[in-house]
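What follows is a single structure, written as structure tokens, with notes after it.
The values are calculated or read from the model by the stated rules, or taken from the named source; none is laboratory data. Every value quoted in this text rests on a predicted model; they were computed, and no experiment measured them. Positions of Cβ are backbone-derived with ideal geometry, glycine not excepted, and every protein chain shown enters the neighbour counts. What goes into the accessible areas is simple: the full protein's heavy atoms, side chains included, and nothing from ligands, DNA or RNA. Shrake-Rupley method; radii C 1.70, N 1.55, O 1.52, S 1.80 Å.
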Amino acid sequence: RYLFKMVKGSIVVPEEILSFCCNGLQGSTSPPRAREPGEREEAPGAMASPSPARNPTEVQMSQLVLPCHTNHRGELSTGQLLKWIDTAACLSAERHAGCPCVTASMDDIYFEHTISVGQVVNIKAKVNRAFNSSMEVGIQVSYEDLCSGKHCSICKAYATFVAQGPLGSKVRLQPLTPQTEEEKIEYSIAAERRRMRLVHKDTLKDLLTRSPQETERETRDGSGAVPAEKTRVESVELVLPPHANHQGNTFGGQIMAWMENVATIAASRLCHAHPTLRAIEMFHFRGPSQVGDRLVLKAIVNNAFKNSMEVGVSAEAYGQEMSVSRRHINSAFMTFVVLDQEGHPRTLPMVAPEPGDGERRYREASARKKIRLDRKYVVSCKQTEVPLSVPWDQSSKVYLSYNNVSALKMLVAKANWALAREKEKVRMYTLEEDKFLSFRIEMSVCITASRAFSLLSNLRRRHEWDSHYVSAELVQKVDDDDMIYHVVSQKLRHENKPQDFVILASRRKPCSKGDPYVVAFRSVTLPTHPARAEFTRGETLCSGFCIWPESEEMSKVAYYNQAMPGYLNYVTTNVAGLSSDICSTFEACEKFLLKNKEDLISRLQD
């Protein structure tokens with residue numbers, strides 16, 4: 001009849017109720033309720049259905065596209081999408097770091113489709129790899145039509161985040177351990193993408209240095225050139241608390257959204273239509289901005305090609321004091337198209353650049369277009385979609401090298417390798433896929449990993465242990481890590497001519513503890529070494545060595561090869577046990593390594 005008593009204005013809980021509540025919290029001492037006939041006892045945790053193991057850094061975001069998120073066509077604003085992408089990626093980075101993180105850079109983003117009102121945007125972000133104080137976050141974006149149930153990919157992006165401690169100090173990150181095959185592939189290739197980002201600016205400078213100073217202008221009948229100055233846009237934004245994170249730094253996604261807005265206006269002034277953003281080039285944030293800052297955003301059309309245009313955008317920040325110089329926060333380059341009613345790109349008017357800086361931006365835009373095409377062609381394609389022998393070009397050397405090493409790392413990270421043969425210390429594995437039969441052959445050798453790496457990466461010495469090699473001529477030393485060889489090999493069975501190859505050899509030392517030494521091979525074409533009548537031109541799509549240190553003096557040496565059709569019969573004969581040629585060759589490789597290890601020790605002793 002009563003629950004509480006009032007004593008001098010305070011609530012007093014009766015002892016009976018207090019005892020009941022305490023027993024309920026700690027576990028009731030009363031006998032359990034008798035089950036009804038036919039009622040089954042529930043197992044502990046039966047209410048929660050077991051969920052599959054998931055990457056602890058994975059973040060999933062789903063957003064319903066509302067009218068307030070869209071442009072005049074009822075399509076999701078790309079600026080709004082960039083804000084959602086940055087938010088999801090930042091949350092994933094902070095899950096791993098355990099502290100606030102800021103956006104450092106974003107790789108190329110290609111938008112494949114537009115998203116309409118009423119559809120759902122699904123974003124999945126997870127950390128691919130953590131380095132010292134930075135980490136790469138992979139982002140996948142798709143849309144879902146709730147009425148039809150249709151799902152479609154929108155874009156894939158890679159962002160780099162930096163963990164920040166008190167007063168903006170850098171935080172050393174814990175390493176990430178990949179679990180699934182997909183995670184192992186992304187983890188392995190993340191080191192190559194990081195290497196590519198670091199040399200991104202040098203690639204543009206190198207291309208401009210070697211290109212003619214005067215860029216050939218396109219001429220189109222019936223089109224008058226629009227002065228680039230007429231497309232110039234300048235706008236200012238005040239950074240308010242909703243635009244910033246809990247540390248007061250402006251969200252990178254918010255800055256990208258503001259930049260996309262002024263870039264769209266600049267593109268519209270050229271074509272007098274509503275443009276569609278197709279791509280954003282890789283960019284880096286040069287510094288932070290805080291709540292209370294004023295951001296000055298500038299945009300101008302740098303160059304207009306037949307069906308697309310490049311818009312350059314910059315963001316500068318300053319505080320309340322106008323006397324303080326502006327801080328350059330970011331620069332980005334965005335590619336726009338104008339679509340007709342059938343969704344096809346329209347022809348655009350030409351741009352007349354301003355003398356001086358305008359001419360420089362015009363020329364750089366042409367160079368960036370070539371680099372974008374190289375990156376999309378070589379890096380973004382699936383391995384099976386890339387031609388076997390890609391043309392070697394100095395301007396695309398970074399991306400060809402990336403493709404070479406990443407293809408081998410993807411092969412190494414594959415699951416389902418099956419042991420096919422074992423001969424003494426040599427083990428041979430196979431991997432059967434729809435389009436390829438790959439093999440891996442490995443053994444442990446008493447040699448340091450660095451010494452084995454040095455010996456096996458020099459193709460001019462391969463004939464000393466591989467009887468299939470006749471000679472290997474160094475054609476071009478691209479840099480310290482990449483070299484091109486012309487290789488001549490023995491005749492294959494049923495062939496009346498020896499084979500020759502033009503091979504790009506790419507070397508990589510470990511990026512962090514646990515990584516292998518890598519030597520990757522793939523075919524390229526060189527104008528100076530065309531196919532000749534006395535040889536059968538051979539090709540290799542993906543092959544190479546991975547060397548893991550097992551101790552100070554022991555290393556595991558593994559050779560991988562994705563067998564090509566002309567090589568397939570030789571491989572299957574060895575896999576089936578009808579020949580031991582591959583195992584014998586690898587045993588000769590061990591003797592070569594041990595001999596040259598001893599030669600090195602002797603020279604050091606002398």
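Observations
- Inter-centroid distance (Cα atoms) of segment 152-171 relative to segment 410-432, Å: 36
- Each label point was placed 7 Å from the Cα along the Cα-to-Cβ direction; for E424 and Q140 their separation is 4.6 nm.
- Annotation note: trypsin sites (Lys or Arg not before Pro) in segment 435-490 located in DSSP loop regions with a Cβ neighbour count of at most 13 within 10 Å are K435.
- Percentage relative contact order, segment 386-596, counting C-alpha pairs under 8 Å, at least six apart: 25
- Relative contact order (%) - criterion: Cα under 8 Å, at least six apart; region: segment 56-209: 23
- Note on I123: accessible area approximately 0 square angstrom, rounded to 10, probe 1.4 Å, nucleic acids and ligands left out.
- Loop-located trypsin sites (Lys or Arg not before Pro) in segment 511-574, at most 11 other Cβ atoms within 10 Å (DSSP): K513, R532
- Solvent-accessible surface (1.4 Å probe) assigned to M334 amounts to roughly 0 Å².
- Relative contact order for segment 225-383, counting Cα pairs under 8 Å that sit 6 or more residues apart, in percent: 27
- Straight Cα distances below 22 angstrom link K423 to the lysines K556, K591, K595, with same-chain residues fewer than 8 positions distant left out.
- Spatial separation of Cα centroids for segment 495-530 and segment 231-304, in angstrom: 42
- Loop trypsin sites (Lys or Arg not before Pro), segment 244-324 (other Cβ atoms within 10 Å of the site Cβ: 15 or fewer; DSSP): R286, K306
- Remark: segment 56-209 carries a charge dipole of roughly 440 debye about the Cα centre, counting +1 on each Lys and Arg Cβ and -1 on each Asp and Glu Cβ.
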